[in-house]
Ligand code: SF4
């Protein structure tokens, strides 16, 4: 690991200001992804700003009847919270489908949202990768692509976003709250938070330099049946080939987001609209404009099958 300097932030705004002033600085909280990347020298921060002491680790009811989740709430605490289990079961189930108990004990809400892709070429410094080194090329295109994205891809990158939690947050219409380097706050709907790869796959969110996530707000409970279905190559400790996070109402309407298929949690208006018409129609809407490779074409059928299972489960 390369040497780095370290400071403990005393407030969210001072942390954001310090990060904005030093382009080589990174925030650290749980560190479950960042430390791995630093050991491989894929991330090379010269300075770490530890935000663990900022007190952003509470879960509170909002005046609108929703939930404000502090950025530093650990995944285990979030998954086991009484209100989350009762009213946002999709979130609890997605969290429990991700990583191991040890990782969930350390990983934070904000860190989970910001974790980097698990594209194997991204983790191999000997391979060209536009996300790791802009302009160097994409080794996955024309390479091994079984795990890669099928929708929203570009000619520069076909990586997927690895988070299970983010799929649930997308279906729940979460809002990401931040503080910027000038001390101002903003609220970003999660549907606008992530970017598609385009020509700049190394820029993954709309966060500005130094901007720090302080909390994630869930709107009032949507009711319905909450299901998270994750299909993977082995039963635990594996990322999704395809996952479906859905909230299905008694009349068959609902919301659906898919994981393992795109650079961000994938939800489209027509996917929600077609849910009432069954898995085939909803999957076709979700996978419209898909550009699969020969190796990951199976994901199109897998999305439909996973959706069919989710709808059948919701119908009991
Ligand atoms: Fe890098 Fe993206 Fe290509 Fe993977 S898919 S090698 S992350 S540019």
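Taken together, the values in this text are just the output of simple stated rules run on the coordinates, not laboratory data. These numbers were taken from a predicted model, which means no experiment stands behind them. Note that we place each Cβ from the backbone using ideal geometry, even for glycine, and neighbour counts take in every protein chain shown.
Data for the structure
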item: Segment 228-241: number of residues that are surrounded by fewer than 24 Cβ atoms within 10 Å (Cβ to Cβ) and touching a residue at least 60 places away in the same chain (Cβ under 8 Å); result: 7
item: Inter-residue pairs, beta-carbon under 7 Å, first farther than 13 Å from residue 168 by Cα and in segment 77-91, second outside any helix (DSSP H, G or I), 6+ apart; result: 81/59; 83/67
item: Selection count, segment 162-179, where residues are within 16 Å of the ligand (Cβ to nearest atom) and buried (at least 24 other Cβ atoms within 10 Å of the Cβ); result: 1
item: Unique match (being in contact with a strand residue (DSSP E or B) (Cβ under 8 Å, 6 or more places away or on another chain) and either closer than 27 Å to residue 85 by Cα or within 16 Å of the ligand (Cβ to nearest atom) (or both)) among 187, 159; result: 187
item: Meets criteria (touching a helix residue (DSSP H, G or I) at 6+ places or on another chain (Cβ under 6 Å), under 30 Å from residue 18 (Cα atoms) and within 16 Å of the ligand (Cβ to nearest atom)) for residue 214; result: no
item: Complete set of residues in segment 184-206 that are touching a helix residue (DSSP H, G or I) at 6+ places or on another chain (Cβ under 8 Å) and free of Cβ contacts under 8 Å to residues at least 40 places away in the same chain; result: 206
item: Qualifying residue in segment 26-33 (condition: closer than 24 Å to residue 243 by Cα, within 17 Å of the chain's Cα centre (by Cα) and touching a residue at least 24 places away in the same chain (Cβ under 8 Å)); result: yes
item: Count of residues meeting criterion [in contact with a strand residue (DSSP E or B) (Cβ under 6 Å, 6 or more places away or on another chain) and farther than 12 Å from residue 53 by Cα] in segment 1-23; result: 8
item: Within segment 199-209, tally of residues that are within 16 Å of the ligand (Cβ to nearest atom) and surrounded by 14 or more Cβ atoms within 10 Å (Cβ to Cβ); result: 5
item: Odd one out for residue 136 among (1) surrounded by 15 or more Cβ atoms within 10 Å (Cβ to Cβ); (2) near the ligand (Cβ under 9 Å from one of its atoms); (3) farther than 21 Å from residue 244 by Cα; result: (1)
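Let's see how each residue does on (1) touching a residue at least 12 places away in the same chain (Cβ under 8 Å); (2) surrounded by fewer than 17 Cβ atoms within 10 Å (Cβ to Cβ); (3) assigned to a helix (DSSP H, G or I); (4) at positive phi:
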| residue | (1), (2), (3), (4) |
| --- | --- |
| 271 | yes, no, yes, no |
| 276 | yes, yes, yes, no |
| 296 | yes, no, no, no |
| 303 | yes, no, yes, no |
| 310 | yes, no, yes, no |
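Residue-by-condition table, conditions (1) in contact with a helix residue (DSSP H, G or I) (Cβ under 9 Å, 6 or more places away or on another chain); (2) at negative phi; (3) more than 9 Å from the ligand (Cβ to nearest atom):
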position: 105; (1), (2), (3): yes, yes, yes
position: 110; (1), (2), (3): no, yes, yes
position: 113; (1), (2), (3): yes, yes, yes
position: 140; (1), (2), (3): no, yes, no
position: 145; (1), (2), (3): no, yes, no
